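Have a look at the structure below, then the notes.
What follows draws every value from the coordinates through simple rules; no lab data is involved. Just so it is clear, the structure is predicted and the values come from calculations on it, not from any experiment. Neighbour counts run over all protein chains shown; Cβ positions are idealised from the backbone, glycine included.
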């Protein structure tokens, strides 16, 4: 990683997390659809970041979000878990030509269908972990599933909307 990439990643981290904890945290649809906008930062990290660094970054992001949600370790664990799964999901979704090492994961570089599929898969894992840990098990399974579904759709919509605001998708 070059110094320029480190500065860009640090600024992106601050923008996503601060925007999330100050504004987006309060976006709720009914009582089931939360928005975990900060995950947009993690999901769009460069493909060239080594896995140990990826896990450290996800730990820090989850830790800061846990501080503001008063959820000790839940977002940290879920963030690290999806970043652990990320290389496997990316391998599963590998296009025929492969990936370029410098590619960032954005709608414009990967395409809409690929980006939404990738985002949905990782968000389902993340929200399942968060809400199952929050419910302390499977006692409210149907309620938890409705929260997972609504939160995943809402968060995907917000992340994709943000992508469209920042990047021009390829045709």
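Ranking 44, 144, 94 by Cβ neighbours within 10 Å, fewest first, what do you get?
Details: 44 23, 144 20, 94 11.
If I rank by nearby Cβ atoms, fewest first, I get 94, 144, 44.
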**Complete:** For the chain, the longest principal axis of the Cα atoms and the Cα long axis of helix 141-166 enclose an angle in degrees, to the nearest 10, of 30
**Complete:** So the angle from the long Cα axis of helix 51-69 to the longest Cα principal axis of the chain, reported in degrees to the nearest 10, equals 40
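Quick one: order 155, 76 by neighbouring beta-carbon count within 10 Å, fewest to most. Could the numbers behind the result be given before it?
On the way: 155 26, 76 20.
With the fewest neighbours first, 155, 76 line up as 76, 155.
Cut-off is 10 Å between beta-carbons; in what order do 118, 26 appear when sorted fewest neighbours first?
Working: 118 18, 26 9.
Ranked by crowding around the Cβ, least crowded first: 26, 118.
So between residue 23 and residue 117, what do we pick up on full extension, going 0.36 nm a residue minus the alpha carbon distance? Please report the intermediate quantities before stating the final value.
Working: separation 94, 0.36 × 94 = 33.84 nm, distance 2.62 nm.
Extra length from residue 23 to residue 117 when fully extended: 31.2 nm.
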**Request:** Would you calculate a helix-derived [θ] at 222 nm for the chain, using -39,500 (n - 2.57) for each DSSP H run of n ≥ 4 and dividing by the full residue count, to the nearest 500?
**Result:** -22500 deg cm²/dmol
**Item:** Gained length - residue 7 relative to residue 124, 0.36 nm times residue gap less alpha-carbon distance
**Value:** 39.1 nm
**Request:** Enter the angle in degrees (range 0 to 90, nearest 10) between the Cα long axis of helix 112-134 and the first principal axis of the Cα atoms of the chain, meaning the one along which they spread out most.
**Result:** 30
**Request:** Distance between Cα centroids, segment 46-98 to segment 119-153: provide it in whole Å.
**Result:** 17
**Request:** Could you point to the label whose value was computed as percent of Cα pairs over 26 Å apart for the structure here, given [x] 24; [y] 45; [z] 41?
**Result:** [x]
